[in-house]
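The values are calculated or read from the model by the stated rules, or taken from the named source; none is laboratory data. Every value quoted in this text rests on a predicted model; they were computed, and no experiment measured them. Heads up, the Cβs are rebuilt from the backbone with ideal geometry, glycines too, and the neighbour counts pull from every protein chain shown.
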Amino acid sequence: MRIPLLMLLFGLTAFMGPRPIAEDCTYDGHKLYGKIQFVESFPDIKVQVVNSFPDLKVKLVSNFADDCGEWQIVESFPDLKVQIVTSFPDIKIQYVDAFPGMD
């Protein structure tokens with residue numbers, strides 16, 4: 001019995017699940033750009049830093065973090081609180097020097 005290619009592709013897509021990041025560069029209602037504060041507890045999202053296959057490519061900037069994946073690190077008044085974890089992340093990020101955002 002042969003499995004039609006379309007069913008196979010649909011099955012793989014269903015297995016991989018939906019992308020965790022929405023098209024408008026948000027996760028669970030939190031925008032993934034702007035002023036970011038790293039915290040040890042009570043984060044808005046948990047991220048894992050990876051070297052390949054990230055959900056989001058992040059570029060650290062000093063000003064005007066207005067585009068998807070651009071993060072300005074702050075100590076107070078953040079747009080998003082992030083906790084770095086080694087397992088069970090909400091999203092995976094990779095630091096880049098150019099072309100931040102989603103693939």
| Among (1) more than 15 Å from Pro20 (Cα to Cα); (2) surrounded by 10 or more Cβ atoms within 10 Å (Cβ to Cβ), the one test that Thr86 misses | (2)
| query | In segment 49-60, what count of residues is obtained for those that are over 9 Å from the mean Cα position of the chain (by Cα) and over 18 Å from Lys35 (Cβ atoms)? | reply | 5
| The listed residue being at pLDDT below 95, within 14 Å of the chain's Cα centre (by Cα) and surrounded by fewer than 14 Cβ atoms within 10 Å (Cβ to Cβ), out of Asp103, Asp67 | Asp103
| Of all residues in segment 68-103 being assigned to a loop (DSSP other than H, G, I, E, B) and touching a Cys at 6+ places or on another chain (Cβ under 8 Å), which is nearest to Ile36 (Cα to Cα)? | Gly69
| query | For Lys35, are the conditions met, namely being charged (D, E, K, R), touching a Leu at 6+ places or on another chain (Cβ under 9 Å), surrounded by 14 or more Cβ atoms within 10 Å (Cβ to Cβ) and modelled with pLDDT of 95 or more? | reply | yes
